[in-house]
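Single-structure report; data block below.
The values are calculated or read from the model by the stated rules, or taken from the named source; none is laboratory data. This is a predicted model, so every value here is computed, not measured. Cβ atoms come from the backbone with ideal geometry, glycine included; neighbour counts cover every protein chain shown. The protein model used for the area step is the full one, side chains on, heavy atoms only, and it has no ligands, DNA or RNA in it. Shrake-Rupley method; radii C 1.70, N 1.55, O 1.52, S 1.80 Å.
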Amino acid sequence: DTKDDIEGLMKILVDPNERQGYAWIRMRIRKMWPKWVLAAGNLKEKQKLEKRRRKKILVHLGLLSKQSGWGFAENQFKGGPLGELVQWSDLICTLYVLGHQLTITSETYQLEKILSQLPAANSPCQSRTDLPVHIIYTDIVGLRQFKRYVKGGYGKFSCLLRIVDSFGTEPAYNLRMYAKAHKILTSWGGQDLLPQQFFTMFPHSPDNSFMGFVVEQHLNDSDVKGIKRENWALVYGKNDYMYENATRVSLYRGKDKYLNTIKKRLEVHGTVYVDEKAKTKRSYMPSFVTNHGLQKPEDFHILLRKSKIFVGLGFPYEGPAPLEAIANGAVYLNPKFSTPHSSKNIQFFKGKPTARELTSQHPYAELFIGEPYVYTVNMHNDTQVLKVLDKILQNKEFTSHMPYEFTEEGMLQRMNAYIEHQNWCQFQKQEAKWPPHSAISFVMGADGQSCKDACWQQGLICEPSHFLQINSARSMKQAKVDCSREDYVADIFYPGYDPHSNECVFQKEELLFSCVGQKTNFRRFCPCRNYIKGQTALCQECL
Ligand code: UDP
């Protein structure tokens, strides 16, 4: 059954180094706890949550380990990145509330201790009933630690792994041999897991699983009820460098000018962390911005409720804050990138195992939410910015919007479905049982189209677990393609056929089945599934 005792969770969530690494996570969990308990109750009324097996789950936060060197622990109250900590907090709550037995670690010696209790090597995952763990959530740092420090080999539990990976890992970057041959191997990629074992922050590519997080909402809370919306634009950025007007890099040009334009209509406010020791340092924030300093999350939400507009500066990419703004009724001004940002042209994405191109600072807000909650604008075009501002300011309501997938209940529902159904430990290869066949349709893409786009065009989502089923001349025939030749090749485009020669090519390497691969003069054959509106990760029959 589900669990609602927070003190039990707090006992598990103790930093082994006593350096307050878990402080922000603990703070978030305490604050949101009543909502999690409520959400579990509501979900139980909608669907059966009894009769599930209580699983032993290990959560290893590599990012907080001393070795990671990322400074997450050190900077959690100094304007450092929080998106990852948001996601870990919410994952931990989800697993605990769903009633599973949790162990939380962040140092390698803890890992060694737990996993050394594994039963004899060489027994397939499936046959082990006495496993010390059934599922392991970690991140790439943690994965490296597993590979290095856990004795007895990592292979035997690799099928249990779920990697928290905010930006995602595409199949081409995941398969080491392929990435190497194509010169795209990075220190993040080449993990040779199933692409679905990577769990992303937003629904980026259907090759990975969408884990998400929860967007805090205080709509009905008494403390926000009386707050009046002022004529404010709140700038999105916890750090001074985000305001930098770096003319060296053409893609980042013009933030002063942009904020000056906004100032013509609204009072401009910010929440930039101020380092008292470095106060004399030059600041990039224009002097007309009223800086409130880095806020506690609850105070940040009050500022959002006082603001009409939340102004993106182009960085950070794809964070939680714009969704919080929208949930609090502020309209998000989302900078459009006329040249998309990706690992090809932006330092931040260099080495990230994805070729995904961002058309704006927040593609999810742009593509899944849109107007009237999100306006994606060219920040260098003053006329366009003013026009959009005038359109927004005419609106007196400032209603809030919250996609179900980002609520506590939505996250519980999605993660529970994954925990109950995703199983990568079958010893023998089998056709996928989940999502069920009834949710799947097969679609022949247009020439040069990826499966992600081909499915989307039909109102469906690419479902990589069903590729195996259509990887044969027989299924091509069912799709009315008479193959003039049949070939097996290891690349990210197959199965499919050349529409000019009718030559069919099938997939030789299962890890390369990919939703995003696309190739001119080639029509891909794609497995697609239906989805629940507001819960895109799940098919209608998936609950
Ligand atoms: N946040 C905060 N104080 C602030 C500004 C933001 O606590 O002054 C919180 C915000 O509520 C959000 C988190 O920081 O939950 C992450 O925000 P962001 O979108 O900036 O993502 P990041 O770049 O930190 O991953």
Hey, can you tell me all the residues within the range 438-467 that are under 26 Å from the mean Cα position of the chain (by Cα), in contact (Cβ under 8 Å) with a residue 24 or more places away in the chain and in a helix (DSSP H, G or I)? ALA439, CYS451, LYS452, ASP453, ALA454, CYS455, PRO464, SER465, HIS466
Tally up the residues in the range 290-330 that are at pLDDT below 95 and among the β-branched types (Val, Ile, Thr), please. 1
Every residue in the range 476-505 that is among the hydroxyl-bearing types (Ser, Thr, Tyr) and surrounded by 17 or more Cβ atoms within 10 Å (Cβ to Cβ), please. TYR494, TYR497
Would you point out the residue of the range 506-525, among those that are within 25 Å of the chain's Cα centre (by Cα) and open to solvent by 40 Å² or more (accessible area, probe 1.4 Å), that is nearest to PHE199 (Cα to Cα)? GLU510
For the range 58-86, give me the residue count where each residue is farther than 13 Å from TYR22 by Cα and either in contact with a Pro (Cβ under 9 Å, 6 or more places away or on another chain) or of a type in the set (D, E, K, R) (or both). 5
State which residue pairs qualify: first residue assigned to a loop (DSSP other than H, G, I, E, B) and inside the range 110-123, second residue modelled with pLDDT under 55 in any location, beta carbons under 6 Å apart, and separation of 6 or more residues or different chains. PRO119/ARG128
Kindly check whether there is at least one residue in the range 44-57 that is within 16 Å of the ligand (Cβ to nearest atom), outside any strand (DSSP E or B) and open to solvent by less than 50 Å² (accessible area, probe 1.4 Å). no
Report, by residue number, each residue of the range 433-465 that is of a type in the set (Asp, Glu) and within 13 Å of GLN540 (Cβ to Cβ). GLU463
Check the range 381-388 and report whether any residue there is of a type in the set (Asp, Glu) and either open to solvent by less than 60 Å² (accessible area, probe 1.4 Å) or touching a Cys at 6+ places or on another chain (Cβ under 6 Å) (or both). yes
Taking THR383 as the residue in question, decide whether it is not aliphatic (A, V, I, L, M) and not in a loop (DSSP other than H, G, I, E, B). yes
Out of the range 47-79, which residues are farther than 30 Å from PRO132 by Cβ and free of Cβ contacts under 8 Å to residues at least 24 places away in the same chain? GLY71, GLU74, ASN75
Scanning the range 526-543 residue by residue, those open to solvent by 10 Å² or more (accessible area, probe 1.4 Å) and of a type in the set (A, V, I, L, M, F, W, C) turn out to be ILE532, ALA537, LEU543
Of the residues in the range 255-271, those that are at pLDDT 95 or above and closer than 15 Å to ASN239 by Cα come to HIS269, GLY270, THR271
Report whether or not LEU38 is farther than 23 Å from VAL14 by Cβ, part of a helix (DSSP H, G or I) and open to solvent by 70 Å² or more (accessible area, probe 1.4 Å). yes
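A quick yes/no check of all residues on (1) surrounded by 20 or more Cβ atoms within 10 Å (Cβ to Cβ); (2) assigned to a loop (DSSP other than H, G, I, E, B); (3) away from the ligand (no atom under 13 Å from the Cβ):
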site	(1), (2), (3)
TYR284	no, yes, yes
SER287	no, yes, yes
GLY293	no, yes, no
ASP299	no, no, no
ARG305	yes, no, no
PHE310	yes, no, no
GLY319	yes, yes, no
PRO335	yes, no, yes
TRP424 vs (1) at pLDDT 95 or above; (2) open to solvent by 30 Å² or more (accessible area, probe 1.4 Å); (3) of a type outside the set (S, T, N, Q); (4) touching a helix residue (DSSP H, G or I) at 6+ places or on another chain (Cβ under 7 Å): all pass except (1)
Return the total of residues in the range 174-186 being modelled with pLDDT of 95 or more, surrounded by fewer than 22 Cβ atoms within 10 Å (Cβ to Cβ) and in a loop (DSSP other than H, G, I, E, B). 4
State yes or no: is SER127 open to solvent by 20 Å² or more (accessible area, probe 1.4 Å) and at pLDDT 85 or above? no
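Taking the criterion of being away from the ligand (no atom under 16 Å from the Cβ) and part of a helix (DSSP H, G or I), would at least one residue in the range 71-83 satisfy it?
So far as the range 71-83 goes, no, none of its residues is away from the ligand (no atom under 16 Å from the Cβ) and part of a helix (DSSP H, G or I).
Yes or no, residue by residue, for (1) hydroxyl-bearing (Ser, Thr, Tyr); (2) surrounded by fewer than 16 Cβ atoms within 10 Å (Cβ to Cβ):
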| position | (1), (2) |
| --- | --- |
| ASN395 | no, yes |
| SER400 | yes, no |
| MET415 | no, no |
| ILE440 | no, no |
| GLN449 | no, no |
Flag if ASN345 is modelled with pLDDT under 95 and either open to solvent by 30 Å² or more (accessible area, probe 1.4 Å) or over 23 Å from PHE202 (Cα atoms) (or both): yes
